[in-house]
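The values are calculated or read from the model by the stated rules, or taken from the named source; none is laboratory data. None of these values were measured; they are calculated from a predicted model. Virtual Cβ from ideal backbone geometry, glycine too; neighbours counted across all protein chains shown. For the accessible areas, the whole protein counts, side chains as well, though only heavy atoms, and no ligand, DNA or RNA atoms are used. Shrake-Rupley method; radii C 1.70, N 1.55, O 1.52, S 1.80 Å.
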Amino acid sequence: MINVCFAGITGWTAPPIVAAIGAADDLTLTSGVSRSAAGQPLAAVTGLDSHGNVYACVAEALESAQVDVLVDFTSAAAVKGNVWAAVEAGVHVVVGSSGLTADDHEELDRLARDRGAGVIAAGNFSVMAAVLGRAAAMAAQHVGHWEILDYASDTKPDVPSGTARELAEALARVRRPETAVALPDLQGPVEARGTEVAGTRVHSVRLPSFVVSTEIVFGGPGERLVMRHDPGLTPDPYVAGTLLAVRKAADVAGLRRGLDCLLFTEPAPGQQAAAPGE
C-alpha cells in the first residue's frame, strides 16, 4: 500500500485525484495539507472515508502521518518549500505545481539522489499533453523554426506556465530554433516578441475561460504545423497521469521531468536512456 499526502487538498485540482486515490486498491490517503482547512479531518474536507487529518504545512503532515509519496498541487509560492521538506525527509514526491526554475530542478535532483527519494515533476499530468510534448520533440528534429503560445486563466499569476516552460526546455535538448531577426534588430518593443525560455520564444496569454492550453507552431517555407492541447474546465485530465506518477515515484532515482518519461519506453529526442536502476 502506498501512503499519500496531498498538498493543496482544498484546491481546484484535488477532488477527482483524491477520489481516485480513495478508490484505488493500492493507494491510501493518509493526510492533506491546506492552511485554510488545517486541523480538520480528511473525511470532512474530502467527503471520503479517510481517517487522517489536514495539516497547515508539509513538515507537520510528515511528522504526524505515515507518508510514502507527497503529491503537490499548490502554488508557485508554496511548492519549493513543500517539495524540499519532503525530499529532506526521504519521501518521494509528485510535483504538479509550476514555479520551479531550471536551477531549482538541478538542485532538487542532487538532493533527491542524496536522500534516496524519487521525484516526478511535470508541468502537466495530462496524458494528451505528454503526447503533444513527445510529438513536438520529434518534429523539432526536422523543423528548425517554432514558437510556443501559453494560454491560461486570467487569475494565474506565474508566467509562462509550467507546461510551456517544460516543453521549451525539452525542445532545447533537441536543438534551438532558428531566428531570422535577432532581438537587437527589432523595430518596436522587444516585449512584443514574448520571452525566451531555453531558446524558444514563448507568449503567455491570460484570459477567462482558459485552464492551461499549450500550442506550438512550427513554420517552414510555405507551410505550418500546429500542435495544441486544450483541456476542459475540470481537472479530470490530470487524474490518470498523477496516479501513474504516484505508483512509479519510488522507482525513480533523483528527479524525472515530464509525464512522458513514464509513458514511453524510448527516451525522448535529445535525452539519454535512464541508467540501470533509474
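Key figures for this structure:
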quantity	calculated
Residues whose placed amide H lies under 5 Å from that of residue 117, excluding near-sequence neighbours	254
Ellipsoid equivalent to segment 1-123 - semi-axes via the Cα gyration tensor, in Å	23, 15, 13
Stretch gain in nm, segment residue 196-residue 138, where the contour uses 0.36 nm per residue and the Cα spacing is subtracted	18.8 nm
Calculated [θ] (222 nm, deg cm²/dmol) that DSSP helices of n ≥ 4 give over the chain, each run adding -39,500 (n - 2.57)	-9000 deg cm²/dmol
Exposed-site-free run, longest, the chain (rule: chymotrypsin sites (Phe, Trp or Tyr not before Pro); DSSP loop; at most 16 other C-beta within 10 Å)	13-263
P(r) histogram, all alpha-carbon pairs of the chain included - 5 Å bins from 0, percent	1, 6, 13, 16, 18, 16, 13, 8, 5, 3, 1, 1, 0
Antiparallel DSSP beta bridges within the chain, percent to nearest 5	40 percent
With every protein chain in place, the chain: carbon and sulfur % of accessible area (1.4 Å)	52 percent
1.4 Å probe accessible area per residue over segment 1-126, in Å²	41 Å²
Per residue accessible area in Å² of segment 162-278, where ligands, DNA and RNA are left out and the probe is 1.4 Å	55 Å²
Rounded to 5, percent antiparallel among DSSP beta bridges of segment 1-134	5 percent
Signed unit charges on C-beta, dipole axis of segment 151-253, positive-most listed residue 202, 180, 249	249
Cα-based equivalent ellipsoid of segment 142-202: semi-axis lengths in Å, sorted from largest, via gyration tensor	20, 17, 8
Virtual spin-label span in nm between residue 178 and residue 226, 7 Å along Cα→Cβ	2.3 nm
Positive-pole candidate from 220, 190, 132, dipole of segment 130-278, charges at beta carbon	132
Sequence of 36, 31 from largest to smallest accessible area, 1.4 Å probe	36, 31
